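S.K.: Take this structure, written in structure tokens, and hold onto it; I'll ask about it next.
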Amino acid sequence: MMTLLKHEFIQTRAMLALTAGAALLVTLAGSLLAATGWPAISQIGIAVAVMAVLGLVPIAQILLVVRYWQSSYGRGGYLTQTLPVKGSRIYWAKMTWAWLVSLVGTVLSLGMGLAASPLITLSTGEPLTVITSLREGWAQLTQVTPAWGVAAAVVTFAVMILIWPTQYFFAASIGSQAPLNRWGIGGPVVIYFAVYIAVQIVTFASFAALPLAIGMEGDRLGLVRFDLFAEMAAGSSPAQVMPIGFVPALVLTTAVCLVWSVRSWQRRVSLV
């Protein structure tokens, strides 16, 4: 596994370094534009900086899935598939690398945002909205949530980030099987939209299966009963809670994507 991970690092390091460098430069440029204090230019600079900060991880993930598709099913696919390694190990190496890049990219994005915030605040007198919201949200979370709740929130946030490359890789894998492989890149695109629709259906059903939410119980956050469909039928104003029905739905669909992708590599891709 370590050899395969090293190979993924070597093959993608230039692409990822260029992406991270571009994001850093764009964030810096946007921050400097915002620092001018000029009405129109300043707003454009803030927007550019925010897009660079928020776009780093999604762009890196998309680049990795393109690389995954090319190296597994495109021109480099034959070489990859003839490696004397089980297909599942090749898949897990690529998937693990995508997860690591996503987590490191998230940390880098947060660092870029924190670094840009003081420069924008110094000039405009107003904190960067996204960073301010994150800080206020984190402060409120730690004040009213027990330690296990904070840990659960961090884990949930990380899982939400890791779900995307899992679905992308699944679409690239299944969409490259016969007969969809005749469509070229169209096969993975079709499968991705099918996955998106399936996730929405499963998520909708999970709200009924798990009528719970995170809400205030006295002065602390905790699990409270919340029937989303009953609230919608009654036409009442939305309660100040966050339904958690979507969490098991996303975990379930992600697990299906992982198992199905491994099965595809073992039975339809790998020659070992």
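The values are calculated or read from the model by the stated rules, or taken from the named source; none is laboratory data. What you see is a predicted model; the values in this text were computed from it and never measured. FYI the Cβ positions are ideal-geometry reconstructions off the backbone, even for glycines, and counts take in every protein chain you see. The accessibility values were calculated without ligands, DNA or RNA, using every heavy atom of the protein model including side chains. Shrake-Rupley method; radii C 1.70, N 1.55, O 1.52, S 1.80 Å.
S.K.: Mind checking which residues of the range 10-39 are within 18 Å of I62 (Cα to Cα) and polar (S, T, N, Q)?
M.R.: Selection gives Q11, T12, T19.
S.K.: Go through the range 5-28 and give me each residue that's open to solvent by 50 Å² or more (accessible area, probe 1.4 Å) and not β-branched (V, I, T).
M.R.: Selection gives K6, H7, F9, Q11, R13, A14, M15, A17, L18, L24, L25, L28.
S.K.: Any residue at all in the range 32-51 that's open to solvent by less than 70 Å² (accessible area, probe 1.4 Å), closer than 30 Å to G186 by Cβ and not in a loop (DSSP other than H, G, I, E, B)?
M.R.: no
S.K.: Which pairs do you get when a residue that is modelled with pLDDT of 90 or more, found in the range 1-28, comes within reach of a residue that is not in a helix (DSSP H, G or I), reach meaning Cβ atoms under 8 angstrom, with the pair 6+ apart or on two chains?
M.R.: none
S.K.: What number goes with the only condition from (1) aliphatic (A, V, I, L, M); (2) touching a helix residue (DSSP H, G or I) at 6+ places or on another chain (Cβ under 7 Å); (3) at pLDDT below 95 that A60 does not pass?
M.R.: Failing condition for A60: (3).
This table checks each residue for (1) surrounded by 17 or more Cβ atoms within 10 Å (Cβ to Cβ); (2) at pLDDT 90 or above; (3) outside the structural domain of V85 (by the TED database).
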position	(1), (2), (3)
F170	yes, yes, yes
A194	no, yes, yes
A205	no, no, yes
G215	no, no, yes
P243	yes, no, yes
A255	no, yes, yes
V259	no, yes, yes
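S.K.: Going by the conditions given, is S270 at pLDDT below 75 and more than 30 Å from A171 (Cα to Cα)?
M.R.: no
S.K.: For the range 222-241, what are the residues that are modelled with pLDDT under 65 and assigned to a strand (DSSP E or B)?
M.R.: Result: G222, single match.
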